[in-house]
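Before any comments, here is the structure.
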Amino acid sequence: MTRGLLVLQAGAGTTIQDLGRTGYRRYGVTGSGAMDPLALQVANCLVGNPFDTPCIELNIGSADFRVTTDSLRCAFHGGDFNLSLNGLPAPVSTSLRLRQGDIISISSARQRIRGYLAVEGGFELEPVLGSCATHVRSKLGGLDGGPLEAGQELVCLETEAPARKEVSLPYELHPKTRRQFRVILGPQADRFTAEGIYTFLNTTAFRVDKDSDSLGYRLTGARIEYIGDGNIVSDPVVPGCVQVPASGHPLVLMADCPTTGGYPKIATVISTDLPDLAQLPPGAEVSFRAVSLEEAQAARQKRRHWLAELPNKLITLP
Amino acid sequence: MSEASLLYTTPCYSPVGDGAMLIELGQGIDATLNERVLQLETYIRNLKVAGVIETTPAYASLLLHYDPDQVSFDDLQATVSSIHLDELPTDRKRYGWQIPVCYGGEYGEDLDAVAEYHHLTSAEVIRLHSKGRYRVYMMGFAPGFTYLGGLAEQLHTPRRDNPRLHTPAGSVSIGGMQALIAGVAMPSGWQLLGQTPLATYDPQRDPPFLIAPGDEVHFHPVNATEFKRLQKAAAKGKWVAEKVSLND
């Protein structure tokens, strides 16, 4: 009988994620999906999966799994987690063929806190509203809509992993930590004073607050000055939107954010940079730089080409 | 301010990041304006514009999620600008819903406080709330959260100073001039008047969502016994709300 991975231990917020849910925002269903969708796609690429295959997402915390199928191929990518196989160090960002009984352990991360475990062929999961992404708050997706817990078993779709040469991500393609994030101003930049916008773009070190999660990153430091009472009639929002509530401290919406919000938005972090923001832990310092829509879309296109070329750039191990 | 003045003469288009376009048709909370947003949404969905992935309508604005590899912001804006907003089809399908609510007690913990705030009896609050005709202005925030306009002025109540960390799915509450049906359990600062056994959102049911933006909602009081009976029926996938077409 094919089985897969038994969860021996999983840190808080370890969930199944893919590239998120589309088509139900008009009913209030958020996109959710991976906090770092780029890292998820790289992990999938390393095991030869379609890039949107559901993976196990780790958020800061550690996790241990035991292989309960004959063999499987997996790869872990993203964050500064350490990997070990049966107690010995194992390479990250590299495909690995595991045998029944092997124990794969992922340590907790410090500076880059989202990591993805992809398994060749993916897991047997029932999509909900078109996606397997877990949204814990609305009990959607994954296994029963919740985070992974010790004792749960994920069933692999592939019965075994045929032996072949493994691949690894070249060092120069490993992600680098970003501290400055590009934004497109708007759509309510006119609800802020000139000084407010200046403060937002020229504060060199906003700090990611400890009260930050997959819904949003609260930033402390300078207060952004706004016009009026700081409320708008609710309008649609997307991940990356920088809301400024009455406190004047910006809140950057992340993957699990609501579909609508009632605070004015000074800017939106561009899609190419948002995964790097999602990697940062509380306490990290960040700043923002305004770019044009053209520059943002050029960066997006460059990222798309980078991903399309990625399978050809992997190093084949001897 | 007259209703018409809430509508802009020409819509305002702005990028929301590099994959979405916000179309603001006006400002404020107004049924004519909101209906125009939904007419435009329906029209754009029917056009099946290449590159438009998804639409999110709200009170006075519509967000188009698009793939910039398939359509540029400028081309999308040109397409939408060429639509004559005054000539949009007005025969969009709309439904009215009769929704049971169990008011007060453990089902609506703020009912008495709201009554006291307005110097009314709890029975008067129930009567005022359940005789209202509400418009669904928006579904947003979280799955099945149904934002309603049309709350009687005598019931306009500020939100709670201390939001509750847990309110159940089906909560029927009020906040400011708005009323709300909650689709899933959430923290909330709104004043809880009651609870409906109707699941505005149930991923196991086909369809997962019943009520849609632009629909009309009416509430009728039920007692705790009836609530429990309906809740059991809802758990089996029954709608427990009556639906009528508003197009005839």
**Fill in**
Relative contact order as a percentage, chain A, C-alpha pairs under 8 Å and 6+ apart, gives 20
**Request:** Quick one: angle between helix B:224-235 and the longest Cα principal axis of chain B, in degrees between 0 and 90, rounded to 10, please.
**Result:** 40
**Fill in**
So for R0 = 41 Å, FRET eff. of residue A:190-residue A:80 from the Cβ-Cβ r, to 0.05, ends up at 0.55
**Prompt:** What does the average come to when, for each residue of peptide B:180-187, you count the partner chain Cβ atoms lying within 10 Å of its Cβ?
**Reply:** 2
**Asked** Given a Förster radius of 35 Å and the C-beta distance between residue B:177 and residue A:22 as r, what FRET efficiency does 1/(1 + (r/R0)^6) yield to the nearest 0.05?
**Response** 0.60
**Prompt:** Among the DSSP beta bridges whose two residues both lie in the protein assembly as shown, what percent are antiparallel, rounded to the nearest 5?
**Reply:** 90
**Request:** Using a Förster distance of 51 angstrom, determine the FRET efficiency expected from the C-beta separation of residue A:176 and residue A:100, and round it to 0.05.
**Result:** 0.85
**Message:** Quick check on packing: order B:82-90, A:265-273, B:151-159 by the mean number of other C-beta atoms within 10 Å, highest mean leading.
**Reply:** A:265-273, B:151-159, B:82-90
**Message:** Loop only by DSSP, 12 or fewer other Cβ within 10 Å of the Cβ. Give me the trypsin sites (Lys or Arg not before Pro) in segment A:164-255 that pass, ordered by residue number.
**Reply:** A:164, A:165, A:176, A:210
**Message:** What does the net charge come to around residue A:184 if you take all other residues with beta carbon closer than 14 Å to its beta carbon, with K and R at +1 and D and E at -1?
**Reply:** 0
**Asked** Highest GNM mean-square fluctuation, chain A, Cα pairs closer than 10 Å: which of A:138, A:168, A:212?
**Response** A:138
**Request:** Please calculate the 1.4 Å probe accessible area of residue B:103, with all protein chains present, and give it to the nearest 10 Å².
**Result:** 30
**chain A: angle of helix A:37-46 to the longest principal axis, Cα-based, in degrees nearest 10** = 20
**Prompt:** Does anything in segment A:1-36 have its amide N under 13 Å from the 7 Å Cα→Cβ label point of residue A:150, and if so which residues?
**Reply:** A:7-12
**Message:** Compute the helix-to-body angle for A:293-313: its Cα long axis versus the longest principal axis of chain A, expressed 0 to 90° and rounded to tens.
**Reply:** 10
**Fill in**
In chain A the DSSP beta bridges are antiparallel at a rate, in percent to nearest 5, of 95
**Message:** Could you compute the net charge surrounding residue B:213? Neighbours are other residues with a C-beta less than 12 Å from the C-beta of residue B:213; K and R count +1, D and E count -1.
**Reply:** +2
**Prompt:** Counting other Cβ atoms within 10 Å of each Cβ, which trypsin sites (Lys or Arg not before Pro) in segment B:60-155 have at most 12 and sit in a DSSP loop?
**Reply:** B:93, B:131, B:133
**Message:** If I model a spin label at residue B:87 and residue B:124 as a point 7 Å from the Cα along the Cα→Cβ vector, what separation in nanometres do I get?
**Reply:** 5.2
**Complete:** In Å, the Kirkwood estimate of hydrodynamic radius for segment A:116-165 over Cα pairs equals 12.3
**Asked** Quick one: with all protein chains in place, what share of the accessible area of segment B:6-126 is carbon or sulfur, to the nearest percent (1.4 Å probe)?
**Response** 48
**Asked** In the neighborhood of residue B:71, defined by Cβ-to-Cβ distances under 13 Å, what is the net charge if each Lys or Arg adds +1 and each Asp or Glu adds -1?
**Response** -4
**Request:** Please state, to two decimals, what the Cα-based radius of gyration of the protein assembly as shown comes to when divided by 2.2 N^0.38 Å (N = residues).
**Result:** 1.01
**Asked** Anyone know which of A:77, A:249, A:135 comes out most mobile in the 10 Å Cα GNM of chain A?
**Response** A:249
**Theoretical gain in end-to-end length, residue B:8 to residue B:229 [0.36 nm per residue, Cα-Cα removed]** = 74.8 nm
**Prompt:** With charges set only on the Cβ (+1 for Lys and Arg, -1 for Asp and Glu), what does the dipole of the protein assembly as shown come to about its Cα centre, in debye to the nearest 20?
**Reply:** 760
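The values are calculated or read from the model by the stated rules, or taken from the named source; none is laboratory data. Just so it is clear, the model here is predicted, and its values are computed rather than measured. As a convention, Cβ positions derive from the backbone with ideal geometry for all residues, glycine included, and neighbour counts pool all protein chains shown. These accessible areas exclude ligands, DNA and RNA; they are computed on the full protein's heavy atoms, side chains included. Shrake-Rupley method; radii C 1.70, N 1.55, O 1.52, S 1.80 Å.
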